[in-house]
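A short worksheet on the structure shown next.
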Amino acid sequence: TRVLPERPGIAVIHSSFHGLMPPKGFEPWDALFAVRSLVQRGWTVALPAFTFAFCRTGVFDMRTSASETGIFATWLLGLDPEAIRTPHPIYSFAAVGPRAAEIAACPSATTFGDDSPFGLFERANARLVMLGCGWDACTQIHRYEETAKVPYRFFKEFKGSADFGNGPSPAAASMFVRDLDIDAANDFDILARDLHEKGVVETSRLFRGRVEATDAAHLKEIAARSLGADPYHYVHDRQRVARAVATKAEAASQPPLRLAVLGSFNLQDRKSTRLNSSHGYISYAVFC
């Protein structure tokens, strides 16, 4: 609570208990007691319970699909009867507190859009907390990549089946994903540096780790300005990525090449010449 203001709001807590290295005897109830204390003060707590497996399997069950972003959300959902899991097949949250239902009601036309939890966190100026982890866990930054329409990402729809408590039904999620052909990787050290240089990060020691936090408004201001000046601001190897984007765009702008392969003999699906001994003739194929 040292990095949270007195006035309650929404706290989005990304966590790594491995990074905190709590003392022997630390149990889930200790962490949940801290959450319950915040709720009693009027805070709403949202813990990532993301399930990226849906992108691969197309299957999500709100009750049984394991969180892939730390154990804290699993503890909260399993041990706090008031906690709810928000209904999204990829970016669900374990939420508890007065605004938990509001977070769960976000329709999320896109994963990071205005009507998503990330849009709500921005409007509510949520407190973004890195509990034992670095700023590479700060998913909110992807909202500003989406709003800036950075050229190394594109919208992709993932479809499958999801059970949000009433049985399986068709589900889809539109996400602003990295273009794997371009292979741009975020550099979150730049994000951490920008936040610290602006003096908008509160830091505290906890156990043998560290807790850092900032307001969503600060992140929005810094990210929007940085990405407006340079859409590659938050990626490694900016020059290579920019060249890859330009090359792909140039290739896409070229008119399609139509090619017909004709022959008076059999054409095989190979680039090289080969002897077909069973039929006693040589066959060719050309591909472009």
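Accessible surface computed residue by residue for region 1-51, with neighbouring protein chains in place and a 1.4 Å probe, gives 52 Å² per residue.
Angle of helix 188-197 to the longest C-alpha principal axis of the chain, folded into 0 to 90 degrees and rounded to 10: 40°.
Considering the chain at the alpha-carbon level, its Rg and Dmax are found to be 24.5, 87 Å.
Of the DSSP beta bridges with both residues in the chain, give the percent that are antiparallel, rounding to the nearest 5.
Within the chain, antiparallel bridges account for around 70 percent of the total.
Close amide H pairs (under 5 Å, H built 1.01 Å from N) link residue 206 with 211, residues at least 5 positions away or on another chain.
Relative contact order, whole percent, for region 157-243 stands at 24, derived from Cα pairs under 8 Å and 6 or more residues apart. Note on residue 149: lysines with a C-alpha under 18 Å away, same-chain residues under 8 apart excluded, are 220, 248.
Can you give the relative contact order of the chain as a percent, counting alpha carbon pairs under 8 Å and 6+ residues apart? Relative contact order here is 19 percent.
If one computes the Cα centroid of region 17-48 and of region 201-216, what distance in Å separates the two points? Taking the Cα centre of region 201-216 as reference, the centre of region 17-48 is 14 Å away. The long axis of helix 216-229 is offset from the longest Cα principal axis of the chain by roughly 30 degrees.
Could you work out how much longer the chain between residue 193 and residue 24 gets when fully extended? Use 0.36 nm per residue separation minus the Cα distance between them, nm to one decimal.
Values: separation 169, 0.36 × 169 = 60.84 nm, distance 3.32 nm.
Result for the pair: 57.5 nm of gain on full extension.
Excluding same-chain neighbours fewer than eight residues apart, the aspartates and glutamates reachable from residue 156 by a Cα-Cα span under 19 Å are 114, 115, 145, 146, 179, 181, 183.
In the context of the full set of protein chains, residues of region 103-214 present 45 Å² of accessible surface per residue (probe radius 1.4 Å, heavy atoms only).
Here the Karplus curve 6.51 cos²θ - 1.76 cosθ + 1.60, taken at θ = phi - 60°, turns the phi angles of region 43-56 into couplings of 7, 9, 10, 10, 10, x, 10, 5, 9, 5, 4, 4, 4, 9 Hz, with x standing for Gly and Pro. Cα axis of helix 28-40 to longest principal axis of the chain: angle in degrees, 0 to 90, nearest 10? That works out to roughly 70 degrees. Rolling a 1.4 angstrom probe over the chain with all protein chains present gives an accessible area of which 54% lies on carbon and sulfur atoms.
The values are calculated or read from the model by the stated rules, or taken from the named source; none is laboratory data. Values in this document were obtained by computation on a predicted structure and should not be read as measured data. SASA here: full protein model, heavy atoms, side chains in, ligands and nucleic acids out. Shrake-Rupley method; radii C 1.70, N 1.55, O 1.52, S 1.80 Å.
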